[in-house]
C-alpha cells in the first residue's frame, strides 16, 4: 500500500470480488489478514489494484454472507459481497410507516392466477389520500432540452428474453402476442390481508405485430374482473396503430366496440375521406347501417340485403337499451320502393291507412304548381 491513511484501524477490505479481513495497520500495510472472507475466493492482487473498505453492519451467525455492506466508495449492498451499483439489494426491501402495517406484515402476499403468493421485491407502505401519496416520482428536464419532447418517463417496465426463463433456453426477440409487464390493482377483501389481497384490474402491454430489430409494435390492454385475477379478461385495447377496441382484441376501426352480435365502428371511411359510423349485426342473417359524411354530401346507408325503416318507440326503451320492437312508420325496401303506413310497398311510393280521416295530401304552398306526371306509355 502507498498509505493506509484514511482506513479504519481494523475492518474489511474489498479488492475486486474478494473480501479481506484485517485486524491492524501500519503506515503502508494491513496486518492480521484473513483472505477470502465471507465466502469470497482469494485471488492474486495486481499492483495498482483499487482497495475499498467495507462497513460490515450485520452478519448472521449461521452464514458467512454479510447482511448489509457499505463500501468505501459509497456503494450500499444487501445480500451481496461486492455491490455492483450505488444501491445493490438482493433482498426484499421495505419503506413503510410501521403504524400502517396490518399484523406487522410488510410483505402482504397478493393472489395471482394460480393461487396466492405475489410479494414485492420493493414494498412501500404509506399514508394515502387526495393530498398525500406514498410515492412521488419526478423527471427533471434539462433547460437545454426541447420542452415539447414527449420522451420523458418516470417509470419504464421492460421484459427481457433471457437465458433460463424460456423453453428454448436462449436469448431472442419477443414475438407477436407476448405480454409486457404492466400494473395490477389489488385490494383487501377480508378481515386480514393474508390470503385476501385480490387483484381486480390490470393494465399491460402486448406485442400485436411482427417484431423486428429496433421495432416493438405494442398495444395497451386493459383487463378487469368481477371476481379476482382468475377472472381477469380484456375489456379495452389501444392497438399499436391507434385503433381502440372495446370488447374486441382486433379493432379494425378507429373506435370498434363489440359484444355478442352487436358491433359498432367509427372509421375514416373510403380513402380516409368519408368519416363513417356504422352498426352491424354480425350474425349470419344480420344487417348493417351507417352514417357517413363526404366532401360533397352526407348520407345514411343501409344494408342492400334488407330494408330501411323509421320506427317510433318509448323513452324507456331508449334508456333501457331495448330498441328494436317499436312501431314502424316508414320503409324503403331492397327494391327502393317507399312505404308509408305499409311494410309491403308495391310501387315507388305506396301510402296506406285504415283511418278515413288520414287522407294523403299533396300541397304546394308557393306560386309554382304541384305536378304529378307519368312518363310511361300509359298516361292515365
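The values are calculated or read from the model by the stated rules, or taken from the named source; none is laboratory data. Here the structure is a predicted model, which is why all the values come from computation and not from measurement. Every residue, glycine among them, receives a Cβ derived from its backbone with ideal geometry; neighbour counts consider all protein chains shown.
Of all residues in the range 1-54, those satisfying the criterion of being within 48 Å of the chain's Cα centre (by Cα), in contact (Cβ under 8 Å) with a residue 40 or more places away in the chain and assigned to a strand (DSSP E or B) are 12, 13, 14, 19, 53, 54. Per the listing 106, 83, the residue uniquely at pLDDT below 75 and surrounded by 17 or more Cβ atoms within 10 Å (Cβ to Cβ) is 106.
Does residue 16 meet the test of being at pLDDT below 85, assigned by TED's automatic domain parsing to the domain that holds residue 80 and more than 20 Å from residue 86 (Cα to Cα)?
No: the conditions fail for residue 16.
Just so you know, in the range 162-180 the residues that are surrounded by 11 or more Cβ atoms within 10 Å (Cβ to Cβ) and at pLDDT 85 or above include one that is farthest from residue 250 (Cα to Cα), and it is 173. Cβ-Cβ contacts under 6 Å between residues 6 or more apart (or on different chains), taken from a first residue in the range 67-87 that is outside the structural domain of residue 20 (by TED's automatic domain parsing) to a second residue that is at pLDDT 75 or above and surrounded by fewer than 18 Cβ atoms within 10 Å (Cβ to Cβ), are absent. Only one of 254, 323, 291 is in contact with a helix residue (DSSP H, G or I) (Cβ under 6 Å, 6 or more places away or on another chain) and without any contact (Cβ under 8 Å) to a residue 60 or more places away in the chain. Can you tell me which? Of the residues listed, the single one that is in contact with a helix residue (DSSP H, G or I) (Cβ under 6 Å, 6 or more places away or on another chain) and without any contact (Cβ under 8 Å) to a residue 60 or more places away in the chain is 323. Return the residue satisfying two criteria in turn: it lies in the range 256-282 and is within 21 Å of residue 305 (Cβ to Cβ) and exposed (fewer than 11 other Cβ atoms within 10 Å of the Cβ), and of such residues it is modelled with the highest pLDDT. That would be 260. Apart from one condition, residue 159 fits all of (1) modelled with pLDDT of 85 or more; (2) in contact with a strand residue (DSSP E or B) (Cβ under 8 Å, 6 or more places away or on another chain); the exception is (1).
Taken over the range 35-52, the criterion of being farther than 14 Å from residue 81 by Cβ and surrounded by 13 or more Cβ atoms within 10 Å (Cβ to Cβ) is satisfied by 45, 51. Scanning the range 210-222 for residues that are under 16 Å from the mean Cα position of the chain (by Cα) and under 18 Å from residue 173 (Cα atoms) turns up 216, 217, 218, 219.
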